[in-house]
Amino acid sequence: MPGVSQQSESGCTSLLSAFAMARITSMSFRLLLVSLLSASNSFAATPYITRAEPTECLVTGAGNVTVDDSASILETFKRCSTDSVIRFEQKNYTVHTPVALTGLKNVKVLFYGNWLLPQDVAKVQSAINATQNPKSTYATPWIYIDGTEVHIEGATEKEFGGFYGFGEQWWHTGNRILRPQLATFNVTNGSLKNLKVIKPIAWGWNLPGKNIHVENHFVDAKPDNATREDTKSFPFNTDGFNLSGKNITVDGYYGHNGDDCISVISGAEDIVAKNGFCGFSSHGLSIGSLGRDGAESTVKNVLFKNWTMDGAVYGARFKSWTGGRGYAHNVTWEDIELIDVSTGIFVTQNYYDQDKGARPENKNQTSTELKTITFKNVHGSLGSNWTDGTCLFDPCWNYVEGLDEPKAVILDLYPGTATDISLQNIDIHPQDKPTGAANVLCDPAALSKGEDSVLGFKCQNGAFQATDIAARTPQADNNNGGRSGNHIPLFGGMAASLGMLLVALL
């Protein structure tokens, strides 16, 4: 935790000066003041916690790809579920049965081997249909982990620390029945480091826990027999991360995905995803989807920073369903480099399944509310194709009215439900025209009153034209849903409370 801020120190100094000037000599009041100051200082100190010496546990494996090591893994985690270091050797472990590693407490996993899922599609479908692992937002995970103080550290060597899904056989046939998510990490105070996900069947890691740090994550979900535009097979739904927890940081990501590299979904709060690369046909750095079937979804305080998007369908994306409810507040995409993407910035509050017909009527006239949404320092090039090789229906899954070429910006808003959207320092150009202006899609009739003054570009169907951004009023700043970083230091809060007490007693 950070130390005492200068603001807190100056606040306390002012209060003590006022106290001296008041010439109050009552011993009881002095004791009260000392007591309160001591109590506030105690919050800044980190309590000493005595932990037991960790037990060292080695996971044995048969070393034979035909033998299932799941039982051995489960037995080791059950036996060493508390105050332990669990180590996997540098070899392959077959995990042919879904596993639930639950009730872990103060456990560090040295994941120096590899886990191999079954290569038999029917076997995976049968097992995932039978498992009792708790379902995530999108699918049932093959691996379910819960507990407190759980830290998984993969090998630094590129050939170890991997989860092998053998997903290409699913991609080749377009099989999307009973696909598992790779893993759920439902942990309070945990970390994932140096892990590799190789050819996943579909979704990667689901993080619904809190206080989680991810570092140096690698994903290979690119088919070896295809390109972005010419896909003989396609890795549908191969998200890198689905984040629905609180206080989560992803720092360091390299992935070739067929869907979102990072997907922040309902329930997420205080999320930072930074320092990453998304290649192949990624669907970008995404909020959503939110509000499906009229559900109330909430997301707040999210920062995407310092990413390169290479060949992605989207760079930065927000997606909520037609008729959704809830909100997304205080979300920022900052310092994003685009290389040959289809759409640089995409926001829709009107998403629907194109393969099920026309956009449904919004009978309740509701939408997921957007508030304080910022795109800052987004620059780079558009490719030549407004979609990729995944179009199974007409219109394509990513079609919006007027989309006939790559676009710098698409704002597909529901009228009156989006406020304080701001695009700052945007430089997105066509692939073959480095100095040219790319086009945008934006309906000015859908903007909330006064939004054109803070939007940062001219809302029209045409060329991108940057505009000046008006200063926010104090009222707007006070109602912006809480921008990241505007936190009151704990000790400063104690000082303020002490000041109120002094005033009352004086």
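The values are calculated or read from the model by the stated rules, or taken from the named source; none is laboratory data. Predicted model, so just to flag it, every value in this text is computed and none were measured. Ideal geometry is used to build each Cβ from the backbone, glycine not excepted, and the neighbour counts take in all protein chains shown. These accessible areas exclude ligands, DNA and RNA; they are computed on the full protein's heavy atoms, side chains included. Shrake-Rupley method; radii C 1.70, N 1.55, O 1.52, S 1.80 Å.
Going by the structure shown, is Ala316 crowded, with 19+ Cβ neighbours inside 10 Å, more than 19 Å from Val378 (Cα to Cα) and of a type outside the set (D, E, K, R)? In short, no. Restricting attention to the stretch 81-111 and to residues that are outside any strand (DSSP E or B) and in contact with a Leu (Cβ under 9 Å, 6 or more places away or on another chain), the residue that is nearest to Ala127 (Cα to Cα) turns out to be Thr97. Out of all the residues in the stretch 268-284, which are surrounded by 24 or more Cβ atoms within 10 Å (Cβ to Cβ) and closer than 22 Å to Asn211 by Cβ? Answer for the stretch 268-284, where residues must be surrounded by 24 or more Cβ atoms within 10 Å (Cβ to Cβ) and closer than 22 Å to Asn211 by Cβ: Ala268, Ile271, Ala273.
Answer yes or no: is there a residue in the stretch 62-69 that is over 19 Å from Thr184 (Cα atoms), touching a residue at least 40 places away in the same chain (Cβ under 8 Å) and either in contact with a strand residue (DSSP E or B) (Cβ under 8 Å, 6 or more places away or on another chain) or open to solvent by less than 60 Å² (accessible area, probe 1.4 Å) (or both). Yes, the stretch 62-69 contains a residue that is over 19 Å from Thr184 (Cα atoms), touching a residue at least 40 places away in the same chain (Cβ under 8 Å) and either in contact with a strand residue (DSSP E or B) (Cβ under 8 Å, 6 or more places away or on another chain) or open to solvent by less than 60 Å² (accessible area, probe 1.4 Å) (or both).
Scan the stretch 429-443 for residues that are out of contact with any Pro (no Cβ under 9 Å at 6 or more places or on another chain) and open to solvent by less than 80 Å² (accessible area, probe 1.4 Å) and jot them down. Walk me through it before giving the result.
Initially, the stretch 429-443 is screened for residues out of contact with any Pro (no Cβ under 9 Å at 6 or more places or on another chain), giving 429, 432-435, 440-442.
Answer for the stretch 429-443, where residues must be out of contact with any Pro (no Cβ under 9 Å at 6 or more places or on another chain) and open to solvent by less than 80 Å² (accessible area, probe 1.4 Å): His429, Val440, Leu441, Cys442.
Candidates Glu56, Glu89: the one that is acidic (Asp, Glu), open to solvent by 80 Å² or more (accessible area, probe 1.4 Å) and either more than 25 Å from Ser191 (Cβ to Cβ) or modelled with pLDDT of 95 or more (or both) is Glu56.
When the stretch 70-86 is filtered for residues that are open to solvent by less than 60 Å² (accessible area, probe 1.4 Å) and out of contact with any His (no Cβ under 7 Å at 6 or more places or on another chain), the ones remaining, listed by number, are Ser72, Ile73, Thr76, Phe77, Cys80, Ser81, Asp83, Ser84, Val85, Ile86. Look at the stretch 265-285 and say how many of its residues are in a strand (DSSP E or B) and at positive phi. Adding up the residues that qualify gives 4. Which of the residues spanning the stretch 300-325 are at positive phi and in contact with a Phe, Trp or Tyr (Cβ under 8 Å, 6 or more places away or on another chain)? Within the stretch 300-325, just Gly311 meets the criteria.
To keep it simple, each residue is scored yes or no on (1) over 21 Å from Asp388 (Cα atoms); (2) within 14 Å of the chain's Cα centre (by Cα); (3) not in a loop (DSSP other than H, G, I, E, B).
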position: Ile287; (1), (2), (3): no, yes, yes
position: Val302; (1), (2), (3): yes, yes, yes
position: Thr308; (1), (2), (3): no, no, yes
position: Ala312; (1), (2), (3): no, no, no
position: Phe318; (1), (2), (3): no, yes, yes
position: Gly323; (1), (2), (3): yes, no, no
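Checked across the stretch 348-357, the condition of being under 21 Å from Ser297 (Cβ atoms), assigned to a loop (DSSP other than H, G, I, E, B) and open to solvent by 10 Å² or more (accessible area, probe 1.4 Å) holds for at least one residue.
Report, by residue number, each residue of the stretch 314-342 that is among the β-branched types (Val, Ile, Thr) and out of contact with any Gly (no Cβ under 7 Å at 6 or more places or on another chain). Thr322, Val331, Thr332 - these are the residues of the stretch 314-342 that are among the β-branched types (Val, Ile, Thr) and out of contact with any Gly (no Cβ under 7 Å at 6 or more places or on another chain).
Only one residue in Val341, Val409 is under 26 Å from Glu451 (Cα atoms), touching a residue at least 60 places away in the same chain (Cβ under 8 Å), β-branched (Val, Ile, Thr) and buried (at least 23 other Cβ atoms within 10 Å of the Cβ). Which one?
On the way: Val341 fails: under 26 Å from Glu451 (Cα atoms).
From the options Val341, Val409, the qualifying one is Val409.
Taking the stretch 159-174 as the range and being surrounded by fewer than 23 Cβ atoms within 10 Å (Cβ to Cβ), assigned to a loop (DSSP other than H, G, I, E, B) and modelled with pLDDT of 95 or more as the test, the residues that pass are Glu159, Phe160, Phe166.
Restricting to the stretch 175-203, count the residues that are among the basic types (Lys, Arg) and part of a strand (DSSP E or B).
First, the residues of the stretch 175-203 that are among the basic types (Lys, Arg): 176, 179, 193, 196, 199.
Now restrict to residues that are part of a strand (DSSP E or B): 193, 196.
Number satisfying all stated conditions: 2.
Go through Gly294, Gly252 for me and flag whichever is small (Gly, Ala, Ser), open to solvent by 10 Å² or more (accessible area, probe 1.4 Å) and within 14 Å of the chain's Cα centre (by Cα). Answer to the check: Gly252.
Conditions (1) open to solvent by 10 Å² or more (accessible area, probe 1.4 Å); (2) closer than 20 Å to Phe77 by Cα; (3) modelled with pLDDT under 95; (4) among the aromatic types (Phe, Trp, Tyr), marked per residue:
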{"position": "Phe111", "(1), (2), (3), (4)": "no, yes, no, yes"}
{"position": "Ser136", "(1), (2), (3), (4)": "yes, no, no, no"}
{"position": "Ile177", "(1), (2), (3), (4)": "yes, no, no, no"}
{"position": "Ala183", "(1), (2), (3), (4)": "no, yes, no, no"}
{"position": "Lys193", "(1), (2), (3), (4)": "yes, yes, no, no"}
